[in-house]
1. Give the dimensionless ratio obtained when the Cα radius of gyration of chain B is divided by 2.2 N^0.38 Å.
2. With springs connecting C-alpha atoms under 10 Å apart, model chain B as a Gaussian network and identify which of B:Ala50, B:Ala34, B:Ala42 has the largest mean-square fluctuation.
3. Given all pairs of different Cα atoms, what value in angstroms does the Kirkwood hydrodynamic radius of the stretch A:598-755 take?
4. With a 1.4 Å probe and every protein chain kept in, tell me what percent of the accessible surface of the stretch A:1099-1167 is carbon plus sulfur.
5. Using a/c under 1.5 as the rounded threshold, could you call the stretch A:1099-1167 rounded, prolate or oblate? The axes a ≥ b ≥ c are square roots of the C-alpha gyration tensor eigenvalues, and prolate needs a/b larger than b/c, oblate otherwise.
6. With a 1.4 Å probe and every protein chain left in place, work out the accessible area per residue of the stretch A:598-755 in Å², rounded to a whole number.
7. Hey, got a sec? Which trypsin sites (Lys or Arg not before Pro) in the stretch A:320-417 land in a DSSP loop and have at most 13 other Cβ atoms within 10 Å?
8. Give the long-range amide H neighbours of A:Arg261: residues separated by 5 or more places, or on another chain, with amide H under 5 Å away, using H modelled in the peptide plane at 1.01 Å from N.
Amino acid sequence: MTVDVNVPGLVHEVFAAQAARTPGTTALICGAERLTYAELDARARERAAGLGDVAGRLVGVRMERGVELVVALLAVLKAGAGYLVLDPAFPEERLRGMVADAGAAAVLSPTGLERLPGAARHDGVACVMFTSGSTGRPKGVAAPHRAITATVTGQEYAPFDAVWLQCSPTSWDAFALELWGPLLSGGTCVLYPGPRPDPLVLARLIAEHGVTAMYLSASLFNVIVDECPGALAGLRHLIVGGEALSPGHVRRALDRHPGLRLRNGYGPVEGMIFLTTHPVTAVSGPVPIGAPLRGKRVHVLDARLRPVPDGEVGELYAAGDGLALGYLGRPALTAERFVADPYGAPGERMYRTGDLVRRGPGGALEFVGRADEQVKVRGFRIEPAEVEAVLARHPRVARACVVAREDVPGDRRLVAYVVPRPGGPGGVEELRAHAAGVLPEFMVPSAFVELESLPLTGTGKLDRAALPAPASFSSGQDEPSSGQGEPRSELERALCGLFAEVLRVPRVEVHDDFFALGGDSLMVARLLSRIHGELGAEVGVRTLFETPTVAAIATHIATHIAPSSAPETAAPSPPSAQQAPIARAAAQPPPPAPAAAAPLSAAQRRLWFLDQVDAGVAYNMPMLVRLHGPVDVPALRGALEDVVARHEPLRTVFTVHDGEPAQRVLPAATPGFTVTEVPAAELDERIAQAARHRFDLGAELPIHAVLFTTGPDEHALLLVMHHIAVDGWSLPPLMRDLSLAYRARLDGLPAAWPALPVRYAEYAVRHRERVDAVGEAELAYWRKTLKGLPDRPPLPRRPSSPTRAVDAADRPVRAGDAAGRPAAAGDAPDRPAAAGDVPGRPAWAAADTVVRQVDAGLHGRLVELGRRRGATLFMVLHAALAVVLRRAGAGDDVAVGAPVAGRSGGSVDDLVGFFVNLLVLRTDLSGDPTAGELVSRVREADLEAFAHQEVPFERVVHELNPARHPGRHPLVDVVLALQNNLRAELSLPGVESRVEVVRTGAARFELLVDVTDDYLPGGAPAGIAVTLEYRTDAFDRAVMEWLADALLQVLDVMATAPDTPVTRLETPPLPEPTPASSVTAPQVGTTPVVSAAPAGASDAELERRIAAVWAEVLGVPRVGRDDGFFALGGNSLSAVRVAARLAAQGLPATATHLFNSPTVATLAADLAAQATTPPSAEATTPPTGPTTAQATAPTTGPGGAGIARLPRTPRTRPR
Amino acid sequence: MTTNPFEDENGTYLVLVNDENQHSLWPAHLDVPAGWRVALEASPRATCLAHIETHWTDLRPASLTRA
């Protein structure tokens, strides 16, 4: 036979030919660097000349991913050598071993070229890739040029004349696909700038460079689909491989991106990149690995090397193009894996993959499993024996065994079992350090378990099934039964059974902690779904996290969900049927049919995620109605039930399946209605307390009522609602319907209201479709309009500028003067997620308010000013606000957010639900226009923006992908809301009522300018209430007082003298920001900020949030501030997941941060440092030292921070 | 699925060589494929592997080294 390495088709020659054809085409992009084919070719040629005579040798290239790496690789090939990529992230010892094993002649690194003695000849080898070796040593797979060229040219599984994103580790064979694929075909290779891909950055790169094709390992693909599926938008070709694909993830990706051509790619590195691929269009079960590439052949053979019949399992052998020459320096190993091919040309070899496959009905191959111990963890191929060999080298280890466990489906981890030598164990940390010193990160076990001996089967082999789950997941298991944990009721017994089943432990006692027994976030989802399925009770995620015991959950079910049922009294039943009576007893509200589950609207999804992330009570919508007169309490209670029956969003709960929230409209549900007598003096406090109810959206209705009675005919009805069900525009119909139903109840009749034209869920689906169909023109408008928007307007913020304040909201403020038209603030879609899905803004920032009143006279003049310019009152207010923000230091280019109803069409006016969208309105103040001209300018800009209000805010953010900062809303820091929705009024016969907004004291934005205009019955202006709701961690009260005063003054001058240039509009002098050291001695005219959040608390808060995300992602019960991410079992993929979740919370986190700062404390410091906005104007942001205000650190009040995502309170919790 | 024919520690194997001087372990009970000659007659697996280690020191295909 003839080995193909001699045929034309050397990688660098094919590249050179391509460069000659398309010299000016962009070949390579990395960050800001761009090289054309001609430039890359020239640079590589130049570099090759400096390598000296290395022809027929191997050259190690030790560089981070980047343009220089590619130039170096190409140079090595041009010099006639083969390259060996040395990932700088690998331990030194491993890299040295690789260089030695390969017999490399030189190592090229950023510091220069190091020549090595004793190099072997490796003619014909293009590259060497090391992979885990079962004999305890990694093995170098030597691939000839032809293996690469034959795999990435002349193929049809993907277009290479395209823009490819390269993000696989450079040591993988997929790197050759992503690099040489485009470079040999005239395409463009966009290098991911950094070692570890972050979904957010991926999304940006795809959008920025028009990437149309890429490869993802199945693990990374799953993370992206879970965490930010929007990242795949724009891609046309995606190949996923490395491991079995998850059908669920594939389905979700295809549902979301119907135009995406997705392929499953299969192949070991010995066969170069892919042996087979399979186009995935619909998913119904395991995804086949498909058919071989052109020029490649596969055999499915039995133990006598005979082809097996279709449908039967055999071992896969690969032949033809793509095969490696062998393992460097390992002749015997090569001869056992690359063996004579009885079915090929004479003398040809085939590679036995060790993979078991079968040929399916359509001829496509299906992967069945491994014939040996090799495992894949996160796309990395690992021989457990290699890890075992490393562990066994530790002096204190007598025996070691390493297995890949998938205790949590979809989360395979490497677990080491170690039998220590007599003399005491070395300690898990020492072992981990030992392993990490030798092995690359992906081969370091996530958990170490010490055993007295390894369990063996009767035949003396390792009994894998008997290996216990890692101790860190099952602490407390060994504790002897106290005898007090026996279930005391059928409900508890049933729950114990479900806990044990999900946790896979033999028994669970009623006081056992779910997380201490090894529960993690995925198991939570499973447990809750079982509880729902078998007991008919919907228990929220948060409930389980807060009270993770059988006893507590049983109490919760009994009191919250089925107050009238008494599971305890249920007759004992045989264990096999024990759930049956409970299922009936506990099922109230009755479990909705599965069909009732529907996807969330974009707006709901945003709020749901916020709630999950920890929005605290910031998205509560408490409405207070003071009632003076005789109230028929049963009628009012009944009326509320009627309203909840009428409006589905009010009886909707949100469940999670496979990480994806779904809404379930309960067929019938009774809202909570509490009647309580309180002394008048305590009323405000009680209202404040009740308004801060923390909703469990998974288990409770998003509405309930408390009727406070202070006297015979004195009541205060507090409707506590969650924003996810109700927006400002919902309140008028809600109050109207409540009034109507109350009257009907008094009359003993059913409420006679007109049928609703459409259901919210239907509207949501239609809206989603419309949004999906948003045209390029719409998006282009926002891109153009918001291009170059200043990142963060410099405003006179508090000096320490903490990322987030802890809740200090013990004193909610009722904005009585904004009566009847509650803040639409939260209506404003909050910061959307990363790539548009996961929102998450640090919530629980304490808010304070400053209130001002525009009198009727000025109100009238402002309306007139607008009328002359064809502008609305909103536009006039907007212009004035822009002037004041400019005066405060924001510059000439000012962006303000504005909520809009999102109810276009009119058919939804009577619906209760969450519809609101947030628009970004940009104002150009340059050129010193007059006040009147500015109003005209604002009018033009606002009208255009309103014309494009169909595009959801999160979509705009996704398009623009602005820099995210901790604790900050993207794009806008200041929101202007004119509450021009109808007044909400409750009208009960014989009762005087007054509707008031209750503020929870939690801020949704840095600054919300909430404006309510009032008119007399004839339409005459009656004044405007202006409420500034601001984050106390961002602004001093004095500054906000100034801003409110300045706003009124500017409005006044604008109305009086519209020809005044805006720079000459008078405002009061801007107060100096309170220096931190003088907090105890406030300046004249200022009020000390009671709820200031000192930086220290903020750091602790940041640490707490980081710890919470780690705990969730890693599935560990607790995370301390000095715990290392990787020591807890973290890996690069979970780092990506963590980064995505932190980024979704507004933190500028990338996976790289986790590698650089691997403890909670260091990461927090790192992120905090990064988030600090450099002072843009010394006058407004003086540097400060440690602040004495730390002494006044607010404490979390009752119902406070409400952090509930953590299974356990992290040790670092600052309080 | 039975054991792979190349993984039987107690089995008997051949060492095959092709024109490129590439070596292959081969189960002794199976027919020798075309283009391969027997370099070591039926022997224990370990013996075959040792033979390969000592006789196949240059993994480069012969056509390359001849050139």
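The values are calculated or read from the model by the stated rules, or taken from the named source; none is laboratory data. Just so it is clear, the structure is predicted and the values come from calculations on it, not from any experiment. Backbone-built Cβ (ideal geometry, glycine too); neighbour counts: all protein chains shown. These area figures cover heavy atoms from the full protein model, side chains too; ligands, DNA and RNA do not enter into them. Shrake-Rupley method; radii C 1.70, N 1.55, O 1.52, S 1.80 Å.
1. Working: Rg = 12.6 Å, N = 67, 2.2 N^0.38 = 10.9 Å.
For chain B, the normalised Cα radius of gyration is 1.16.
2. B:Ala34
3. Numbers: mean 1/r = 0.0610 Å⁻¹.
Every distinct Cα pair counted, the radius reaches 16.4 Å.
4. Here carbon and sulfur together make up 49 percent of the probe-accessible area.
5. Judged from the Cα gyration tensor, the stretch A:1099-1167 comes out rounded (a/c under 1.5).
6. Roughly 32 Å² per residue, with all protein chains present.
7. Hits after loop and neighbour filter: A:Arg393.
8. A:His237, A:Leu238
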